[in-house]
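Engineer: Can you read through this structure? Questions will come right after.
Every read-out reported here was derived from the displayed coordinates using simple, explicitly stated rules and does not represent laboratory data. The model shown is predicted, which means the values in this text are computed figures rather than measured ones. Backbone-built Cβ (ideal geometry, glycine too); neighbour counts: all protein chains shown.
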Amino acid sequence: MMKKPILSRVAGAIGLVLVVTSVVTLFFGNTRFLVGKLVLGAALIAASFALGESGGLRRFFTGRALHFGTVTAVSALALVVALGAANWVAYQRPKSWDLTKNRIFTLQEDTLRTLKGLKTDVRAVAVYRLDEEGYAQARALLERYAAVTPRFTFEMVDPYKSPEKARTYGVVSGGPRILLLAGDQKAPASAADEQGVTNALVKVTRHGTRKIYFLSGHGEPDPFSQEPRGYGQISKSLQAEGYDVAALSLAEQGQVPADASVLVVAGARKPLLPTELKLLDGYADRGGHLGLFLEPEVDAGLDRLLARFGVQADDDVVVDPSPAAQLLGSPVSPIALPSGAHPISRELADTALVLPTARSLVALTKADVTPTPLALTGSEAWGETDLKGVFERGQARRDEGEKGGPLPLAMAAEKPSPDKERGPARLVAAGDADFFTNQYLQLGGNRDFAMNALSWLAEQEDRITIRPRSREASLVMLTDAQATTLKFLSVDVLPVALLAVGLAVWMVRRSR
């Protein structure tokens with residue numbers, strides 16, 4: 001059992017530590033914690049004198065105890081000064097580290113590039129009540145945007161406190177809650193996440209709209225269909241980034257619209273008419289931008305147009321026996337790796353593409369154009385020319401004379417335009433048109449590859465990137481009182497308890 005003199009010293013030391021370190025508690029602004037700590041410290045000091053020997057008070061203020069108490073007080077004061085200096089430095093030069101698994105608090109490269117390239121001031125208005133669950137998340141997101149550039153600012157508007165502002169901006173609880181403003185331009189964020197805000201940022205800072213037409217009338221997938229074979233999801237992504245998307249029947253309209261930034265021929269099941277092919281040739285001569293996405297076993301009549309850009313589509317189907325491709329359950333679903341030789345695919349070099357079925361492409365030798373491969377298979381793949389054997393009998397065997405991998409499955413090319421006032425004509429050709437349908441868009445890098453290809457065709461190179469993914473966050477929502485308590489326990493109670501226990505152990509061992 002601990003003797004009274006030792007117990008007296010321990011109680012006095014702990015009480016002194018509590019009183020001196022009350023300065024740290026003062027930073028939390030919680031009077032209840034501060035008073036409780038001072039009362040407990042004073043009680044322990046009083047107990048120390050009550051348990052101590054006669055004359056202990058005098059010896060305390062004249063002996064080694066005074067020296068020890070002085071050292072403790074000076075140490076505590078030094079700790080307070082150090083914490084104050086550290087907080088001042090952190091306030092002047094804030095720095096944070098994202099240690100979460102999926103880096104949910106780090107802006108993607110696409111967002112950073114867009115923010116750093118701002119030429120005009122952008123203001124975000126977020127309409128949230130202070131007690132709403134999404135308030136803190138929206139504010140934290142906009143703070144990360146504002147930290148990148150002074151050209152981006154934001155305002156949090158409480159619809160209860162400032163209903164007139166909410167009405168002025170037209171933001172309602174049932175729709176988008178964040179609105180971006182730049183001059184007389186405005187664009188709502190489709191969602192209170194990075195992808196929604198970044199897409200709105202692109203819309204509000206881009207003058208003029210690029211229009212992308214999808215050719216129809218030959219069995220192509222519907223650009224607005226949400227069925228597995230439709231292009232509804234890619235169209236939705238394009239519209240979110242500020243593009244206009246429309247279907248085009250050349251047989252009905254008789255011309256390529258003047259506002260066409262890109263004309264996409266994807267998944268045609270029947271040959272184009274000679275008059276339609278002539279219109280496409282004329283569009284290319286005027287410096288037009290074409291996306292030609294083919295399918296095995298289908299001759300859409302585009303060989304001559306491809307050849308003008310130095311590209312040839314072989315009449316085969318690519319077989320990929322690699323283990324990665326076998327995971328898809330079909331030998332004719334090749335895995336392709338994007339090439340680092342072109343802006344479309346450079347940032348996707350480590351992200352595999354999944355193509356349900358594809359035919360291989362070949363680069364032709366032409367004086368005025370040099371196609372660049374965008375995606376190639378592995379060395380195990382080959383171009384199977386026995387299409388009936390594959391699709392009717394399910395047999396695939398490499399025969400002599402069949403091309404071996406790596407095989408190009410997508411290419412890009414630029415061709416000088418006869419119209420000197422126009423820039424060069426552009427082409428992106430691929431041996432598969434299904435990889436960016438709704439069914440396969442989310443596999444591998446399919447979505448980013450398709451979006452990058454169409455952005456390059458539309459001459460929007462700043463949109464060529466890896467887009468932000470939806471990332472799951474493991475968040476714990478704390479009230480202000482809970483957050484204050486947690487800080488008090490971690491910054492004040494725990495260190496003080498460790499110091500007090502250490503002093504008590506030292507004093508007990510020293511008395512023996």
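Engineer: Just to be sure I understand the model, the point goes 7 Å from the Cα along the line to the Cβ. What's the resulting Lys116 to Ala258 distance in nm?
Structural biologist: Distance between the two pseudo-spin positions: 4.0 nm.
Engineer: Follow-up question, since we're still on this one. When 1/r is averaged over all different Cα pairs and the result inverted, which Kirkwood radius in Å belongs to segment 109-199?
Structural biologist: Working: mean 1/r = 0.0753 Å⁻¹.
For segment 109-199, inverting the mean 1/r across all distinct Cα pairs yields 13.3 Å.
Engineer: At q = 0.08, 0.13, 0.17 Å⁻¹, what log₁₀ I(q)/I(0) does a Debye calculation on the Cα points of segment 251-407 give, no solvent, two decimals?
Structural biologist: Log10 of I(q)/I(0), two decimals: -0.27, -0.69, -1.10.
Engineer: Another question, if that's okay. If the limit is 18 Å between Cα atoms, which of Lys119/Lys186; Lys203/Lys236; Lys366/Lys415; Lys116/Lys236 go over it? Working shown, then result.
Structural biologist: Numbers: Lys119/Lys186 16 Å; Lys203/Lys236 14 Å; Lys366/Lys415 10 Å; Lys116/Lys236 26 Å.
The pairs that break the limit, which is 18 Å between Cα atoms, are Lys116/Lys236.
Engineer: Please list, by residue number, every one of the trypsin sites (Lys or Arg not before Pro) in segment 388-419 that is coil in DSSP and has at most 14 other beta-carbon atoms within 10 Å. Intermediate results must be reported in sequence, preceding the final value.
Structural biologist: Working: sites: Lys388, Arg393, Arg397, Arg398, Lys403; in loops: Arg393, Arg397, Arg398, Lys403.
Of the trypsin sites (Lys or Arg not before Pro), the ones in loops of segment 388-419 whose Cβ has at most 14 other Cβ atoms within 10 Å are Arg393, Arg397.
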